[in-house]
1. How much length, in nm to one decimal, is gained on full extension between LYS106 and ASP254, taken as 0.36 nm per residue of separation minus their Cα-Cα distance?
2. Where nothing but the Cβ of Lys and Arg (+1) and of Asp and Glu (-1) is charged, how large is the charge dipole of the chain around its Cα centre, in debye to the nearest 20?
3. Carbon-plus-sulfur fraction of the accessible area of the chain, 1.4 Å probe, in percent?
4. For the stretch 174-278, what does the accessible surface come to per residue with a 1.4 Å probe? Please give it in Å².
5. Suppose the chain between THR76 and LYS146 were pulled fully straight at 0.36 nm per residue; how much longer would it get relative to their current alpha carbon spacing?
6. Restricting to Cα atoms and excluding each atom paired with itself, what does the Kirkwood estimate give for the chain in Å?
7. Name the longest site-free stretch of the chain, where the excluded sites are trypsin sites (Lys or Arg not before Pro) in a DSSP loop with no more than 16 other beta-carbon atoms within 10 Å.
8. Return the subset of LYS57/LYS241; LYS25/LYS116; LYS25/LYS267; LYS25/LYS190 for which the Cα-Cα distance in this structure is over 22 Å, preserving the input order.
Amino acid sequence: MLKLYNQDRFVNRPLQKLTNTLEFKFSFLFHGVIWNTLADGDNQRLYLEVRNVQEKKVSFSALNLQNNQWLWKDVTLDESWWVSLGAISGDILLFTVYTDTNNPDKKGLIAYDVHKNQMTWWYNGFSLTSVNSLYVRGIDFKFPSKETILDLRTGQPVQYVDFDLADSQNFPVIRPFQYEEGTAHFDTVKDFLETGLGITPVASIEYLEFEWLIFMSVFVKEEGLANYLYGFNSKGEVLVKEKLGESLKGVGLDTFFIFSGHLIFVKNKNELISYKIV
């Protein structure tokens with residue numbers, strides 16, 4: 001048996017029940033930094049925000065994880081830089097637009113039809129706070145500023161709506177725990193890595209158990225700071241090892257996640273990689 005750490009306790013997992021492994025699915029390179037991702041659990045889609053700092057351009061792409069095909073790729077909006085992913089509900093993707101570059105509180109909202117690949121409405125002076133299958137809630141900054149609910153399809157303000165928070169809470173992404181150096185959890189995983197792989201992690205470890213697999217993102221000193229991602233089965237065998245970055249200035253957060261049965265991570269800031277958990 002392999003002793004694993006899981007949600008503040010140790011558990012023993014019988015080897016005869018081991019079923020999961022990892023199967024490489026895709027690798028996509030982008031001409032820019034993969035800045036942000038947005039997951040749609042209902043439709044198993046992943047939206048990406050890619051920023052090209054040299055050209056001051058941001059583009060967006062939509063990936064269908066059911067077949068690993070692009071719905072669309074490298075789409076740009078009229079605002080070429082001051083816009084970012086906001087939220088997704090059904091086939092409506094919401095973007096936040098920063099209308100005053102000197103004041104990040106001044107924002108607008110764009111609704112984009114995923115299937116038609118076009119903008120459906122725009123609401124200026126609006127800061128998004130939450131969305132459900134029918135409505136968008138946020139702050140309308142037109143004087144006097146007030147909380148406002150918009151119709152998701154039309155962008156028109158609506159009255160007397162019971163905004164169902166339960167409908168808006170969708171957490172399709174499973175993210176790792178972060179263990180800081182000097183904590184008991186960090187030391188436990190560090191002992192495992194030093195004993196099993198002969199590597200000494202520093203600063204921070206991201207750790208996640210999913211079904212019968214265990215994932216660790218670790219930082220090591222290697223002519224600077226380098227970041228490695230490991231995937232193990234419950235026997236402690238390495239199923240995947242990927243170098244995510246090198247010569248880093250500091251540690252990162254959320255260096256990988258699980259979504260729609262995929263292990264997903266970004267390598268060298270510009271390559272999206274996935275392994276299917278089978």
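1. That pair, LYS106 and ASP254, stretches by 50.5 nm at full extension.
2. The dipole of the chain has a size of about 360 debye.
3. Heavy-atom surface of the chain belonging to carbon and sulfur, 1.4 Å probe: 47 percent.
4. 44 Å²
5. This chain segment gains 22.1 nm when fully extended.
6. Averaging 1/r across every pair of different Cα atoms and inverting gives 20.8 Å.
7. The longest such stretch corresponds to 154-234.
8. Check vs 22 Å cut-off fails for LYS57/LYS241; LYS25/LYS116; LYS25/LYS190.
The values are calculated or read from the model by the stated rules, or taken from the named source; none is laboratory data. Note that this is a predicted model, so its numbers are computed, not measured. Please note: Cβ atoms are built from the backbone with ideal geometry, for glycine as well, and neighbour counts cover all protein chains shown. Accessible surface areas use protein heavy atoms only, side chains included; no ligands, DNA or RNA. Shrake-Rupley method; radii C 1.70, N 1.55, O 1.52, S 1.80 Å.
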